[in-house]
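Notes to accompany the following structure.
The values are calculated or read from the model by the stated rules, or taken from the named source; none is laboratory data. Since this is a predicted model, take the numbers as computed values, not measurements. Cβ placement follows ideal geometry from the backbone for every residue including glycine, while neighbour counts extend to all protein chains displayed.
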Amino acid sequence: MILYALDIAKKIKDKSKKEIEKKKLKILLSVILIGDNYASKVYIKNKKIACDYVGIDFKLFKLDENISQEKLLNLINNLNLDDKITGILVQLPLPDHIDKTIIMQNIDPKKDVDGFNPFNIGALILEKPKLIPCTALGILELIKFYNIKISGTYCAVLGRSIDVGKPVAALMLNANSTVAVCHSKTENLIEITRKSDIIISSIGKAKFIKKDFIKRNSVLIDVGINRDENNKLCGDIDFDSCIEKAHSISPVPKGVGAMTIAMLINNCIKAKLIQLNIIE
């Protein structure tokens, strides 16, 4: 089974659009782009398209690559204080001279639609989630949509980033899966993946996971965005070699990426409802 996400993401956005219209929500998402990274500009374009579709206002701040961390923090603080701003998103990656952790710490947790502020990460760990990192939440929703069992399974999460690895591990753990978080220092990785019912990979290595890495009828969720030897877009998982052995596999493209944007829209709505004290 191939876990396509485009239709699911469309249904989620349609539901979000109806909720915004029904509740007459005025939502403004502010996105900060630093530098001229091509991939970042593509991601932002797709986010704006989604916002336009559901009725969320979108404001882009394009900043010079060499902007100081202090000036960036001043902008974020002004957005924190602006009642018209619902959500604040700082597009990653950031230039080397800017500390990502400090930036995320300074975004108001109630406006943190990326879900990276320590308050939101902590709430997730405590099983009292507020705003959850979009890709991690998108993975969980994709798995649930296809009625794939989570509780009681063994799950290998490849990658320990704050963007994907750590939050998705927390979500799977909260859903009663037994989770192994693997990374570049993990020894005997293949022994772990071969006994895992679910593998979620976000390591950024093209076609790294081969069929001999997986057990038969496992579920493979591919978060990788890479280019193969022919410059073709591909994931961390060798789709062609694994598809016959796996129970199900998410493709790249047309997989997790669409869910990430759908969850961003959900987080914008949730942030607005939190700010209006409609939900906690």
Revision key, fill the gap. Only one of I150, I199 is in contact with a strand residue (DSSP E or B) (Cβ under 8 Å, 6 or more places away or on another chain) and outside any loop (DSSP other than H, G, I, E, B), namely I199
**Study point:** Identity of the residue in the stretch 231-277, charged (D, E, K, R) and within 30 Å of S16 (Cα to Cα), that ends up farthest from the chain's Cα centre (by Cα)
**Key:** K272
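Just for the stretch 107-117: of the residues that are out of contact with any strand residue (DSSP E or B) (no Cβ under 8 Å at 6 or more places or on another chain) and in contact (Cβ under 8 Å) with a residue 40 or more places away in the chain, which one is surrounded by the most Cβ atoms within 10 Å (Cβ to Cβ)? Spell out how you get there, then give the answer.
Applying the first criterion (out of contact with any strand residue (DSSP E or B) (no Cβ under 8 Å at 6 or more places or on another chain)) to the stretch 107-117 yields 109-110, 115-117.
From the residues that got through so far, the ones that are in contact (Cβ under 8 Å) with a residue 40 or more places away in the chain too are 110, 115-116.
Values: K110: 20, G115: 29, F116: 24.
Per the stated criteria, the residue is G115.
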**Study point:** Residue pairs meeting the criteria (Cβ under 8 Å; at least 6 apart or on separate chains; first assigned by TED's automatic domain parsing to the domain that holds P95 and loosely packed, with under 15 Cβ neighbours inside 10 Å, in the stretch 50-75; second of a type in the set (F, W, Y) and part of a loop (DSSP other than H, G, I, E, B))
**Key:** none
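Would you mind finding the one in D228, D222 that is of a type in the set (D, E) and loosely packed, with under 15 Cβ neighbours inside 10 Å? Full working, then the answer.
Working: D222 fails: loosely packed, with under 15 Cβ neighbours inside 10 Å.
Answer to the check: D228.
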Point to revise | Pick from the stretch 153-184, criterion assigned to a loop (DSSP other than H, G, I, E, B) and among the hydrophobic types (A, V, I, L, M, F, W, C), ranking: modelled with the lowest pLDDT | key: I162
Check your understanding: Across the stretch 81-106, what is the number of residues that are surrounded by 15 or more Cβ atoms within 10 Å (Cβ to Cβ) and either within 27 Å of I20 (Cβ to Cβ) or outside the structural domain of V31 (by TED's automatic domain parsing) (or both)?
Key -> 9
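Of everything in the stretch 208-245 that's basic (K, R) and farther than 23 Å from Y146 by Cβ, which residue is modelled with the highest pLDDT? Step through it out loud before you land on a result.
As a first pass, look at the stretch 208-245 and keep what is basic (K, R): 210-211, 215-216, 227, 232, 245.
Applying the additional criterion that residues be farther than 23 Å from Y146 by Cβ yields 210, 227, 232.
Working: K210: 96, R227: 91, K232: 92.
Out of the qualifying residues, it is K210.
When the residues of the stretch 35-49 are filtered to those that are under 22 Å from K270 (Cβ atoms) and under 17 Å from the mean Cα position of the chain (by Cα), which remaining residue is surrounded by the most Cβ atoms within 10 Å (Cβ to Cβ)?
First, the residues of the stretch 35-49 that are under 22 Å from K270 (Cβ atoms): 43-44, 46-49.
In the following step, the residues that additionally are under 17 Å from the mean Cα position of the chain (by Cα) were identified as 43-44, 46-48.
On the way: Y43: 19, I44: 19, N46: 15, K47: 22, K48: 16.
Result: K47.
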